[in-house]
Amino acid sequence: MLTRKIKLWDINAHITCRLCSGYLIDATTVTECLHTFCRSCLVKYLEENNTCPTCRIVIHQSHPLQYIGHDRTMQDIVYKLVPGLQEAEMRKQREFYHKLGMEVPGDIKGETCSAKQHLDSHRNGETKADDSSNKEAAEEKPEEDNDYHRSDEQVSICLECNSSKLRGLKRKWIRCSAQATVLHLKKFIAKKLNLSSFNELDILCNEEILAKDHTLKFVVVTRWRFKKAPLLLHYRPKMDLL
């Protein structure tokens, strides 16, 4: 079967950010027009604008951050196409946390270690173990070791109600994975309060409404970086319901 090799620079325009001209990192797509950028670049841009940087379509008049979403598929493609990019990004993140004197999150440690082992095995000409040996090794591990939630970076949260139209939670202090999103919190609160839909809620940090696709890690880094735990979040009915 004939195959045609494609050079990386031939597709650079499709895997680079229009704002920083670098390869996409934490790829984030505008839901209105499907243009993709680095999350940090797009969030910074939307602090003063409400239109797409590429086509200038209005994302949202007042809350454009609620209409962007993490594009995991695109990010996986970029990491697979650009050699060493993921490992370099993990290294930069570790250096960032060390510079601030903060503990390196577990997910960054894990991804870096995994990437390094993968690269080392290829450089040394090692081959992968067959499927049967992998299955045996997995069966020998204790069942609790397979619980991936335990290796996630954890975030402590205090959920306060700031509306008289809703009651407060009996247990407002929770601890969960940093990879959980604001949407997960909405569903959690809606279930605890017996609401008909989680779409009836807004969750705020520092009096700013959070987009449903924001991870808790992103919220901590961008809105609670230099404050002590727990992360304080407020919930209330959506403004159009008040």
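The values are calculated or read from the model by the stated rules, or taken from the named source; none is laboratory data. All values reported here derive from a predicted model rather than from experimental measurement. Glycine also receives a Cβ, built like all others from the backbone with ideal geometry; neighbour counts cover every protein chain displayed. With ligands, DNA and RNA removed, areas are computed over all heavy atoms of the protein, side chains included. Shrake-Rupley method; radii C 1.70, N 1.55, O 1.52, S 1.80 Å.
Some points to look at:
- Rolling a 1.4 Å probe over the protein chains gives Cys161 an accessible area of about 40 Å².
- Of the GluC sites (Glu not before Pro) in the stretch 187-225, those whose Cβ has at most 16 other Cβ within 10 Å and which sit in DSSP loop: Glu207
- Relative contact order of the stretch 8-81: 33 percent, from C-alpha pairs under 8 Å at least 6 residues apart in sequence.
- Largest to smallest in accessible area, the residues Ile25, Ile57, Ile6, Ile68 fall in the order Ile6, Ile57, Ile25, Ile68 (1.4 Å probe, all protein chains included).
- Distance in nm between pseudo-label sites at Leu232 and Lys7 (7 Å out along the Cβ direction from Cα): 5.7 nm
- Residues whose amide H lies under 5 Å from that of Ser156, counting only those 5 or more places away or on a different chain, are Leu231; hydrogens are built 1.01 Å from N in the peptide plane.
- Heavy-atom SASA rank of Met102, Met74, Met239 (probe 1.4 Å, accessible area, largest first): Met239, Met102, Met74
- If you bin all the Cα-Cα distances of the stretch 1-97 at 10 Å, starting from zero, the percentages per bin are 15, 43, 28, 11, 2, 0.
- FRET efficiency estimate (nearest 0.05) - Cβ-Cβ, Leu204 to Met74, R0 25 angstrom: 0.30
- Among the GluC sites (Glu not before Pro) found in the stretch 1-92, those both in a DSSP coil and sparsely packed, with 15 or fewer other Cβ atoms within 10 Å of their Cβ, are Glu47, Glu48.
- Under the simplified labelling scheme, the Arg94-Arg56 pair shows an inter-label distance of 4.5 nm, with each label point 7 Å from Cα along Cα→Cβ.
- Residues whose amide H lies under 5 Å from that of Arg236, counting only those 5 or more places away or on a different chain, are Asp202; hydrogens are built 1.01 Å from N in the peptide plane.
- Sequence of Asp213, Asp202 when ordered by accessible area, the most exposed leading, probe 1.4 angstrom: Asp213, Asp202
- In Hz, Karplus ³J(HN,Hα) per residue of the stretch 87-94 (6.51, -1.76, 1.60; θ = phi - 60°; x = Gly, Pro): 5, 5, 5, 5, 5, 4, 5, 4
- Taking each of Lys192/Lys238; Lys187/Lys217; Lys165/Lys238; Lys186/Lys228; Lys99/Lys217; Lys192/Lys227 in turn, the alpha-carbon distance tops 21 angstrom for Lys186/Lys228; Lys192/Lys227.
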